[in-house]
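One structure below.
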There are 6 protein chains.
Amino acid sequence: MPLSPDTRAKLKTVSTATLTTALFKRGLRSQFVQDVRPLNPAAGTMVGEAYTLRTIPAREDLNPIGVFQNRAHPQRKAIEECPPGAVLVIDSRKNARAASAGAILVTRLMMRGAAGIVTDGGFRDAAEIAALDFPAFHHRPTAPTNLTLHQAIEIGVPIGCGDAPVFPGDVMVGDADGVVVVPAAIADAIADEAVEMTAFEDFVIGRVREGRSILGLYPPTDPATTEDFARWRKEQGR
Amino acid sequence: MPLSPDTRAKLKTVSTATLTTALFKRGLRSQFVQDVRPLNPAAGTMVGEAYTLRTIPAREDLNPIGVFQNRAHPQRKAIEECPPGAVLVIDSRKNARAASAGAILVTRLMMRGAAGIVTDGGFRDAAEIAALDFPAFHHRPTAPTNLTLHQAIEIGVPIGCGDAPVFPGDVMVGDADGVVVVPAAIADAIADEAVEMTAFEDFVIGRVREGRSILGLYPPTDPATTEDFARWRKEQGR
Amino acid sequence: MPLSPDTRAKLKTVSTATLTTALFKRGLRSQFVQDVRPLNPAAGTMVGEAYTLRTIPAREDLNPIGVFQNRAHPQRKAIEECPPGAVLVIDSRKNARAASAGAILVTRLMMRGAAGIVTDGGFRDAAEIAALDFPAFHHRPTAPTNLTLHQAIEIGVPIGCGDAPVFPGDVMVGDADGVVVVPAAIADAIADEAVEMTAFEDFVIGRVREGRSILGLYPPTDPATTEDFARWRKEQGR
Amino acid sequence: MPLSPDTRAKLKTVSTATLTTALFKRGLRSQFVQDVRPLNPAAGTMVGEAYTLRTIPAREDLNPIGVFQNRAHPQRKAIEECPPGAVLVIDSRKNARAASAGAILVTRLMMRGAAGIVTDGGFRDAAEIAALDFPAFHHRPTAPTNLTLHQAIEIGVPIGCGDAPVFPGDVMVGDADGVVVVPAAIADAIADEAVEMTAFEDFVIGRVREGRSILGLYPPTDPATTEDFARWRKEQGR
Amino acid sequence: MPLSPDTRAKLKTVSTATLTTALFKRGLRSQFVQDVRPLNPAAGTMVGEAYTLRTIPAREDLNPIGVFQNRAHPQRKAIEECPPGAVLVIDSRKNARAASAGAILVTRLMMRGAAGIVTDGGFRDAAEIAALDFPAFHHRPTAPTNLTLHQAIEIGVPIGCGDAPVFPGDVMVGDADGVVVVPAAIADAIADEAVEMTAFEDFVIGRVREGRSILGLYPPTDPATTEDFARWRKEQGR
Amino acid sequence: MPLSPDTRAKLKTVSTATLTTALFKRGLRSQFVQDVRPLNPAAGTMVGEAYTLRTIPAREDLNPIGVFQNRAHPQRKAIEECPPGAVLVIDSRKNARAASAGAILVTRLMMRGAAGIVTDGGFRDAAEIAALDFPAFHHRPTAPTNLTLHQAIEIGVPIGCGDAPVFPGDVMVGDADGVVVVPAAIADAIADEAVEMTAFEDFVIGRVREGRSILGLYPPTDPATTEDFARWRKEQGR
């Protein structure tokens, strides 16, 4: 079930806050990647299928500086094979004491057309990554090379990232609030619902800015709100 | 003991750093709301009486999406009833894994004339809130709806916020360093003292920028400092 | 083994990420000061020898507001005696619940020609410090006076800072990723190596921006990369 | 809806593990008081309705040693008024740096016929409390008087305890694994279900000790298991 | 490289403290499973090859109570297929807020001849597991069913457990201090070295109990110590 | 101001709970060593002057296994020079990921007549240490050698231990609740006061066990309590 261009486009127009509410309505409460933030908030909303990379704690003898001479090393392979439009999601075991990646790899990923990168650890060269027009999310900047603490071990398996379950192909959406994981099977439905919710929220915030109370408006328990909203949609063409 | 306009005005001109020192001198060491920051540092110093909202962990059966249809729900009620000039202070049990509120509610609170909002959890729609000319303080952005983890349960009771005790009516002051809780009964005295301290600190930082040592200057153990300060106050009209 | 002007100059041109890799190659994995960030990222790379200040938890009877009347108080003494070109490094036991210092002391330190200041706790007056053209690193802003929780106890001894060992005279280097501690005895060699590594990384990132794969390029397992790099160095005069 | 003697008796025979599973089946995933343990594991399973006490961070001027001379102080009042058969549940904001109570108060509570006491902080005089034939649960021993950090503020309100929501009257059950909160309205049904589940689990563990595989047995997907269990129940009279 | 009976026997006679020192001498500093403890310290030293089970955060729709009806569910499969003499090691992402397993599964594992079980989360039915003559290690007791937070996803892959890297086949050794991971390839050599070190430590502790100073004795920088030890070995037949 | 035999004897008869209250009355709220516990609760109350050892994070090149061949290494020196009757207090920066010491050193310390040992990290060989008739306190067992993370750097300086300030010569008292630091200058007065308080508490707990309410009894706001207590003291000869 690849992510359709239509759903991708819709998800670009909604917020992670709205998406978590849509997921909550379906009983999904654990899809938010906890405690990550965008390095470049101006890079726009990130949308793409998850392409996963799993790490384990680094054993010193297996992680000398020379390991990257092996072109099949999972970290390098992930960077070179992550499909265009996808998001590379790294399970760094919520450990930002060493980097998950740095500016060279993230730039390469961007050049290859990926939609973004997420780690529940940290990136090095954070200022350079923040200067890219590319959505990247992490916990905090951190200089030490990944070999210090992380061994990339496996690609394309279900992982945890920031306490959220991420299955390959799930749709990752990221904005200033953080990153949410939309299960692949419901991505279309969630996108549709979120677009509807967003229209209503945009209507509501406009009314609130005009001075209206939220009572009866949000949620729209007052029937007049429903009529007002219908009128607004027509005016706005939404 | 409502907050007088005079004290409110004075507190707008002093820093939370100065206030914590004034409180420390009176033996109050626990009045700083730990680990919160302003979403919009440009919104200026926040000053207002605490209007409190308490939450408990959410029990799933009591927190379906429909609960907000009840206009008496404490979260919505708090937003609609927080007095103008007051600060809504939310005890979110230092848990930012789900939001304490979002842009619609915070905008409504601003429109109603509140002086600010503080949570020791997080807000969703953080970028929108950061764009408001309204002081809001939290631990970090977080997308999930509050129903996921927080049930608003009580208004107007003493609470903890970021490990600080907050009694309704205490004066909340916030700036780039964070938020301090000034007990209502001593707000006038603390404001007066802080204004005096601020004058001295402004004098000191000017002298330090001119190259003076802090020895004898800060604290003013050198009698010449006292004379110099008196002269400066006259010149500055402070 | 004082820091030579040449090594200081070289270290200003390299990143903490590169330095941690150079240290990693020598088996040094613990030299990164964990979880601190620059208050003013525009202040440029910090380089200077460590001048250390150690704190212990404050005992209330020993830390009334009057202690700073003693000109020999280690905190004040450290500010007035830290050598020009050095970095004041404060062991605050990773506790940011009270400040390690504020704007007056940091400004004085800057005026005296220090190269920067680092604490694994927090600073008060953080916005003022952030406005200085002076490298300062901390965990987070925090208003309470240092007397609340920290007693400065000793100057010029080996300390821990953010889980890194810091010996007086070690070379502290800080940038947007954080702060790294380069042992004094290897500072020259590490600086030389980092300059070389930086040239190569700059070359690599240029090629990556042109669309090249990292395979064979980074690390340069493809002999063509080595030739390409040699050519680039000649062109760039590096 | 007071706790019936029958339900109380049933709950004494089941484990918190079984109860959390029964609650999970109803969508209740947050009813376990995280990270508390029994001081005296030999005191048996604790069962009783929650009688709640809420604390906030202590403000120094409001918490001198003399406060307990006030007989209406909520901490003392809670000890003297907690009904026989009830469990005193203290919201200590998961802070064990000062005590929630000590041996004198816990002994008094026991003498008054309470069913137990739970805090998500710690008790002082822990060894003495551990020697009582009385179920008490906390996070860890801690000597400092509660006045250091905790101000008891309110009795009989919904609270959080160890991240679980506790409403007055909910049924607290505690054993070696910790404490679970059974919502009052479903206590009878949960007790019945847990008794059934316990019978099955006892049957299963017996078969496992005889060498049987869990496949087909647990859960009983093999129809023979169902027959075997029916036979066992008849034999055991359960 | 299966674990030889000889190496297994040797490892049963040495401590995890001694083993971590032997590993440290080879540059391996990260092999200790942090913050786990034995449920039954009397069960003796655990030795066995790692048989690994990996979990990810539970997604609610994929983890209803019915999942265990699938006999191929990785948690159940792991219990039924873990080889005799092996240790089941569970990567629970250091999350003890829900259980990794309970008494029925652990009992079955014991009956099948496994050498032990380790999780960096917690077990439910902890008192029952503690009563088994079977080495089990966890962080703390916890009642909630694993489905609440953990989805078992993969068997036989490299994992992290308590911040240590665990490859299938590595030798897990556990005692009162916790659990250490000995890489399979060096298990024989480490066992030999640890046996030697243990002989020396036993000699040393005997001398210390007789009143000798550790200077010159431990380490044996005094040549007399070496002679004394040689004599002792002969006497002891070690 | 050495610890007098009389004060030492008195402190052996009082609890850390009582002592923290006596300290609290003098405004000392930070003297409890947070989150340490006795390895052998049966070893009795520990009382002795603090003899301090400070550690910093280990730098790999300075901490090979050979360092202990240097008899002047601070860790070994501390063990051999800690005065009889004193308590060795180790500032391990609250890091129990590697050991502060093991059974050989602790046994030697015991043989030399020390009164106990405290670390805010952990001990290795914890079961052996727990079997000694010697008060030892730590956070948790941990196998890795101290060289992995801790470098002992200085003896006889003020330190932090478990967030408490410890000056050499302060009186350390430890029991089942943990360890409290009594400033040397007030040790005699605190001991006297604690003995008095203990007599009253013993009286109170007796009355509570007889069924008396705490109201009027604890604190003794009812004058009859004072008379009753006077009578009890006479009877008990206390």
**OP:** Can you tell me the alpha carbon radius of gyration of chain C divided by the globular rule-of-thumb value 2.2 N^0.38 Å?
**Re:** 1.12
Original post:
Using a label point 7 angstrom from Cα along Cα-to-C-beta, what distances in nm, from shortest up, separate C:GLU80 from the other copies?
Top reply: 4.2, 5.7, 6.2, 6.2, 7.8
Subject >> Local electrostatic count, B:SER15, Cβ distance below 9 Å [Lys/Arg +1, Asp/Glu -1] >> reply: -4
Subject >> Listed residues B:ALA126, B:ALA72, B:ALA103, most fluctuating in chain B (Gaussian network, C-alpha, under 10 Å) >> reply: B:ALA72
**OP:** Give the nm distances, rounded to one decimal, from B:ARG233 to the matching residue in every other copy, measuring between label points 7 Å along Cα toward the beta carbon; shortest first.
**Re:** 5.3, 6.6, 6.6, 8.2, 8.6
Original post:
What residues in the range F:12-27 lose 30 Å² or more of accessible surface when the other protein chains are added to their chain alone (1.4 Å probe)?
Top reply: F:ALA17, F:THR20, F:THR21, F:PHE24
Original post:
So which aspartates and glutamates can C:LYS77 reach, going by Cα to Cα under 17 Å and dropping same-chain residues fewer than 8 places off?
Top reply: B:ASP222, C:ASP91, C:GLU154
Original post:
Whose Cβ in chain E comes nearest the axis that rotates E onto D, and by how many Å?
Top reply: E:ARG140, 6
Original post:
Antiparallel as a % of all DSSP beta bridges within the protein assembly as shown, to the nearest 5?
Top reply: 60
**OP:** Could you sort out which of C:LYS10/F:LYS94; C:LYS25/E:LYS94; B:LYS10/B:LYS234 sit more than 27 Å apart by Cα distance in this structure?
**Re:** C:LYS10/F:LYS94; C:LYS25/E:LYS94
Original post:
Could you give the distance between the Cα centres of the range D:151-169 and the range B:164-202, to the whole Å?
Top reply: 30
**OP:** Give, ordered by residue number, each residue of the range A:60-94 whose 1.4 Å probe accessible area is reduced by a minimum of 30 Å² on adding the remaining protein chains to the chain alone.
**Re:** A:GLU60, A:ILE65, A:GLN69, A:ARG71, A:ARG76, A:GLU80
Original post:
Using helices alone, what [θ] at 222 nm do you get for chain D, with -39,500 (n - 2.57) per DSSP H run of 4 or more residues, divided over all residues and rounded to the nearest 500?
Top reply: -9500 deg cm²/dmol
Original post:
In whole percent, how big is the carbon plus sulfur part of the accessible area of the range A:31-182, probe 1.4 Å, protein atoms only?
Top reply: 53
Subject >> Computed label-point distance, nm, for sites D:SER4 and C:LEU62 using a 7 Å Cα→Cβ extension >> reply: 6.4
Original post:
Could you give the length gained on full extension between D:ASP133 and D:GLU81, defined as 0.36 nm per residue of separation minus the Cα-Cα distance, in nm?
Top reply: 16.7 nm
**OP:** Report ³J(HN,Hα) in whole Hz for each residue of the range B:175-181, in order, from the Karplus equation J = 6.51 cos²θ - 1.76 cosθ + 1.60 where θ = phi - 60°; Gly and Pro get x.
**Re:** 8, 5, 7, x, 10, 10, 9
Original post:
Among rounded, prolate and oblate, which fits the range E:191-238 when a ≥ b ≥ c are the square roots of the eigenvalues of its C-alpha gyration tensor, a/c under 1.5 means rounded, and a/b larger than b/c means prolate?
Top reply: prolate
Original post:
According to the square roots a ≥ b ≥ c of the eigenvalues of the Cα gyration tensor, what is the shape class of the range E:60-176, taking rounded for a/c under 1.5, prolate for a/b larger than b/c otherwise, and oblate for the remainder?
Top reply: rounded
Original post:
Roughly how much accessible area, to the nearest 100 Å², goes out of reach of solvent when E and F pair up, both sides summed, probe 1.4 Å?
Top reply: 2700
Original post:
Shortest first, in nm, what separates the label point of D:LYS25 from those of the same position in the other copies (7 Å along Cα→Cβ)?
Top reply: 3.0, 5.7, 5.7, 6.3, 6.5
Subject >> Other-chain or far-sequence residues with amide H under 5 Å of D:CYS161's (modelled H) >> reply: D:VAL166
**OP:** Return the sequence-ordered ³J(HN,Hα) values of the range C:195-212 in whole Hz as given by the Karplus equation 6.51 cos²θ - 1.76 cosθ + 1.60 applied to θ = phi - 60°, using x for Gly and Pro.
**Re:** 5, 5, 4, 5, 4, 5, 5, 5, 4, 4, 5, x, 5, 4, 5, 7, x, 6
Original post:
Got a sec to turn the phi values of the range E:81-93 into Karplus ³J(HN,Hα) couplings, 6.51 cos²θ - 1.76 cosθ + 1.60 with θ = phi - 60°, whole Hz, x for Gly and Pro?
Top reply: 10, 4, x, x, x, 8, 10, 7, 10, 10, 7, 9, 6
Subject >> Residue among A:ASP228, A:ASP125, A:ASP133 with the largest mean-square fluctuation in a Gaussian network model of chain A, springs linking Cα atoms under 10 Å >> reply: A:ASP228
Original post:
How would you classify the protein assembly as shown from its alpha-carbon gyration tensor, with a ≥ b ≥ c the square roots of the eigenvalues: rounded for a/c under 1.5, else prolate if a/b is greater than b/c, otherwise oblate?
Top reply: rounded
Subject >> the range A:145-238: GluC sites (Glu not before Pro) in DSSP coil with no more than 12 other Cβ atoms inside 10 Å >> reply: A:GLU210
Subject >> With Cα atoms, 0 to 90° folded angle of helix B:223-236 axis to chain B main axis >> reply: 70
Subject >> Residues with amide H under 5 Å from that of E:VAL87, placed H, sequence gap 5 or more >> reply: E:GLU49, E:ALA50, E:TYR51, E:ALA115
Original post:
Can you pull the mean other chain C-beta count within 10 Å for peptide E:123-131?
Top reply: 5
Subject >> Estimated distance in nm for a label pair at B:LYS12 and F:ARG231, the labels positioned 7 Å out from Cα along Cα-to-Cβ >> reply: 6.7
Subject >> Folded to 0 to 90 degrees: helix C:16-25 orientation relative to chain C principal axis, Cα >> reply: 70
**OP:** Would you mind working out the accessible area per residue for the protein assembly as shown, using a 1.4 Å probe, and quoting it in Å²?
**Re:** 33
Original post:
Tell me, what % of the accessible area of the range F:190-236 is carbon and sulfur with a 1.4 angstrom probe?
Top reply: 52
Subject >> Delta accessible area of at least 20 Å² on complex formation, residues of the range F:199-238, 1.4 Å probe, chain isolated as reference >> reply: F:ILE205, F:VAL208, F:ARG209, F:GLY211, F:SER213, F:ILE214, F:LEU215, F:TYR218, F:PRO219, F:THR221
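The values are calculated or read from the model by the stated rules, or taken from the named source; none is laboratory data. Just so it is clear, the model here is predicted, and its values are computed rather than measured. In this analysis, Cβ positions are derived from the backbone assuming ideal geometry, glycine residues included, and neighbour counts consider all displayed protein chains. Ligands, DNA and RNA are excluded from the accessible area calculation, which covers all protein heavy atoms including side chains. Shrake-Rupley method; radii C 1.70, N 1.55, O 1.52, S 1.80 Å.
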